[in-house]
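Data block below; observations after.
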Amino acid sequence: MTDPSDEMTDPSDATAAGAITIALVDDQALFRGGIRMLIGSQPDLRVVGEASDGRQAVELAARTRPQVILMDVRMPVMDGIEATKTILAEADARGGERPRIVVLTTFDLDEAAATAIRAGASGFLLKDAEPEFLLAAIRTVHAGNAVIAASATRELFEHFQQAPAAPAAPQRYAELTAREREIFLLAARGLSNSEIAAAEFLSEATVKTHISRIFAKLEVRDRVQLVVFAFEHGLV
């Protein structure tokens, strides 16, 4: 039997064509095949490889450098959580751009998905998500945004993690201006840029600038990580 991680397209071809490069990681070949067919129907998306367990996923990510990885949470050999941690750590060690990892789960409120998000994943999707939603999610995370509403991520953490006994905001948070803190708290509660703009009487462009500065100061990549930061430090 052929190792699924060996069934790859040259990633340079996909990049040259301007397509978003994607790796599929799931222990069910039938599921991978269905997703691959769906992605293959889109001219701006390209699957560069597949893996059936977390260890293969780590090797695949190092070899093909996909921009987006669809990662199953529960797999043999190495699960999706450990694979996510390892892939992101290796990307940091190389000094290259981190892939955006979207974890796939069967359950709406899944502790494993919450753990994967804390490990650095950019969000989660249910395996029975509508095809159009999956395709939109890939493009969304590639653009640097979360694939789920911040409120949904917050619900996961409220369901599975106890609040700190004595929350303490780190120094990075203290470096935010008063206006940035206001916008941070609104974003952490799940408000969109347009909703924040209306609440703060600002233009959406100004809110977007503030959000970018908040990301930089707090060293978070997207709104999912912003919610994680807020919740773990008892700021919301």
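Could we say that Val220 is outside any loop (DSSP other than H, G, I, E, B) and not basic (Lys, Arg) here?
Spelling it out, it is not the case that Val220 is outside any loop (DSSP other than H, G, I, E, B) and not basic (Lys, Arg).
For the condition open to solvent by 50 Å² or more (accessible area, probe 1.4 Å) and more than 23 Å from Gly144 (Cα to Cα), what is the one hit in Ala169, Ala205?
The conditions single out Ala169.
Results for (1) more than 25 Å from Asp128 (Cα to Cα); (2) of a type in the set (Lys, Arg); (3) modelled with pLDDT of 90 or more, shown as yes or no for each residue.
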position	(1), (2), (3)
Arg46	no, yes, yes
Glu59	yes, no, yes
Pro66	no, no, yes
Thr84	no, no, yes
Gly96	yes, no, no
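Could you count how many residues in region 33-42 are under 19 Å from the mean Cα position of the chain (by Cα) and basic (Lys, Arg)?
0
Would you check which residues across region 187-201 are surrounded by 17 or more Cβ atoms within 10 Å (Cβ to Cβ) and in a loop (DSSP other than H, G, I, E, B) and list them?
Gly190, Leu191, listed by residue number.
Need pairs with beta-carbon distance below 8 Å; first residue modelled with pLDDT of 90 or more and open to solvent by 50 Å² or more (accessible area, probe 1.4 Å) and within region 18-37, second assigned to a strand (DSSP E or B) and not acidic (Asp, Glu); sequence gap 6+ or separate chains.
From residues that are modelled with pLDDT of 90 or more and open to solvent by 50 Å² or more (accessible area, probe 1.4 Å), the pairs are Arg36/Leu24; Arg36/Val47.
Within region 38-55, work out how many residues are assigned to a loop (DSSP other than H, G, I, E, B) and touching a residue at least 24 places away in the same chain (Cβ under 8 Å).
The number of residues fulfilling the criteria is 5.
The values are calculated or read from the model by the stated rules, or taken from the named source; none is laboratory data. Just so you know, these numbers come straight off a predicted model, no measurement behind them. Don't worry about glycine lacking a Cβ; one is built from the backbone with ideal geometry, like all the others, and counts go over all protein chains shown. Please note that ligands, DNA and RNA were not included when accessible areas were found on the heavy atoms of the full protein model with its side chains. Shrake-Rupley method; radii C 1.70, N 1.55, O 1.52, S 1.80 Å.
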